[in-house]
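All remarks here apply to the structure that follows.
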Amino acid sequence: MAGLRVHSVLVTGANRGIGLGFVQHFLRMPNPPQWIFATCRDPKGQGAQVRLGWDAVAVLGEGSTSARGRLDQGGIKAAAAKVGEHLGGSGLNLLINNAGISKLTSVDTETLEGMTEIYTTNTIGPLLLGQAFLPLLKKAAQGSPGSGLSCSKAAIVNISSSAGSIEDVYLWELAHVVSYRCSKAALNMLSKCQSLAYREHGVLCVALHPGWVQTDMGGTGLYTPPLTVDASIQGMLKVLSSISEKETGAFLDWEGKVVPW
């Protein structure tokens, strides 16, 4: 990870699983970011405080999602304002949109409410977060030397899934999770759109498949996922340290391989 050197990073859904893994790995870097912003829906909850602590990271609330799938846009804007206050005159180098939810549904059992909630969290959330933090990302890009794109300069990383690959339809035989798959396919398109819209601002955008990881959401109850959180995070950070403008808008996995749309 020697190539990834950032002054500031924000990770959503950081109270457990992959999000928590990102925060822990950033803290263990030889030259960790000066600012690590860890967000979750309930930053005052016991789980967030025990796992993250208050001295190493700034724990902020992100736009929470209700049972009806409505995002608190005010919460997102407030979080962006608070991050800006902490950073002072500097910008945000890296926004990792990791927060996501899933439900075990099939084509026959999917509902309007379920689809709306998951799509809102997994797709609309990253859209609104990208909008809210774009001014800080632009500021980071403007303050970095060189004209190329990189995650050390300014980047949006959307944690997606091969489950959203229309060609691959990853692990269909284990879990249909229709709403989750649809939301991740939409997130992939959002990532491509962000890459086209934000390239002129010096912001790299990429969708990453972390692999089938041993997390609360990744487990099926019948099978143990092959990847540990540590292995997944190490792989993704290696990928983020090496990608450039050639990969902006791409859909890659934790090993840097292109995932089919």
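The values are calculated or read from the model by the stated rules, or taken from the named source; none is laboratory data. None of these values were measured; they are calculated from a predicted model. Positions of Cβ are generated from backbone atoms using ideal geometry, with glycine treated the same way; all protein chains shown enter the neighbour counts. For accessibility, only protein heavy atoms count, side chains too; no ligands or nucleic acids. Shrake-Rupley method; radii C 1.70, N 1.55, O 1.52, S 1.80 Å.
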Worksheet item: How large is the helix-only mean residue ellipticity at 222 nm for the chain, computed as the sum of -39500 (n - 2.57) over DSSP H runs with n ≥ 4, divided by its residue count, in deg cm²/dmol to the nearest 500?
Response: -11500 deg cm²/dmol
Worksheet, complete the sentence: Mean Cβ-within-10 Å packing, highest first, puts peptides 89-102, 195-208 in the order 89-102, 195-208
Discussion item. I need the calculated FRET efficiency for the pair Lys238 and Leu196, taking r as the beta carbon distance and R₀ as 25 Å, to the nearest 0.05.
Written reply: 0.45
Response to the item:
Helix 73-87 sits off the longest principal axis of the Cα atoms of the chain, rounded to the nearest 10 on a 0 to 90 degree scale, by 30 degrees
Fill in: Separation in nanometres of the label points that stand 7 Å from Cα toward Cβ, at Ile166 and Arg5
4.2 nm
Worksheet item: Roughly how many percent of the accessible protein surface of the chain is carbon and sulfur, given a 1.4 Å probe and a whole-percent answer?
Response: 53 percent
Response to the item:
Relative contact order as a percentage, the chain, C-alpha pairs under 8 Å and 6+ apart, gives 20 percent
Worksheet item: Mind ordering 168-177, 150-159 by average Cβ neighbours within 10 Å, highest first?
Response: 150-159, 168-177
Worksheet entry | Efficiency of FRET from Cβ geometry, Glu173 and Glu245, R₀ 41 Å, rounded to 0.05 | 0.65
Response to the item:
Bridge orientation stat for the chain from DSSP, antiparallel percent rounded to 5, came to 10 percent
Fill in: Acute angle (nearest 10 degrees) that the helix 125-142 long axis makes with the longest principal axis of the chain, alpha-carbon atoms
20 degrees
Worksheet item: On average, how much accessible surface per residue is there in segment 76-217, in Å², for a 1.4 Å probe, leaving out ligands, DNA and RNA?
Response: 42 Å²
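Rank these residues by their accessible area, most exposed first, probe 1.4 Å: Ser241, Ser232.
Accessible-area ranking of Ser241, Ser232, largest first: Ser241, Ser232.
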Discussion item. Given points 7 Å out from each Cα along the Cα-Cβ axis, report the Glu85 to Lys257 separation in nanometres with one decimal.
Written reply: 4.6 nm
Worksheet, complete the sentence: So for the chain, using the alpha carbon gyration tensor with a ≥ b ≥ c as root eigenvalues (a/c under 1.5 gives rounded; past that, a/b versus b/c decides prolate or oblate), I'd call it rounded
Worksheet entry | 3J(HN,Hα) from dihedral phi, segment 244-257, Karplus parametrisation 6.51/-1.76/1.60, rounded to Hz, x for glycine, proline | 9, 4, 5, 9, 4, x, 7, 10, 10, 9, 5, 9, x, 7
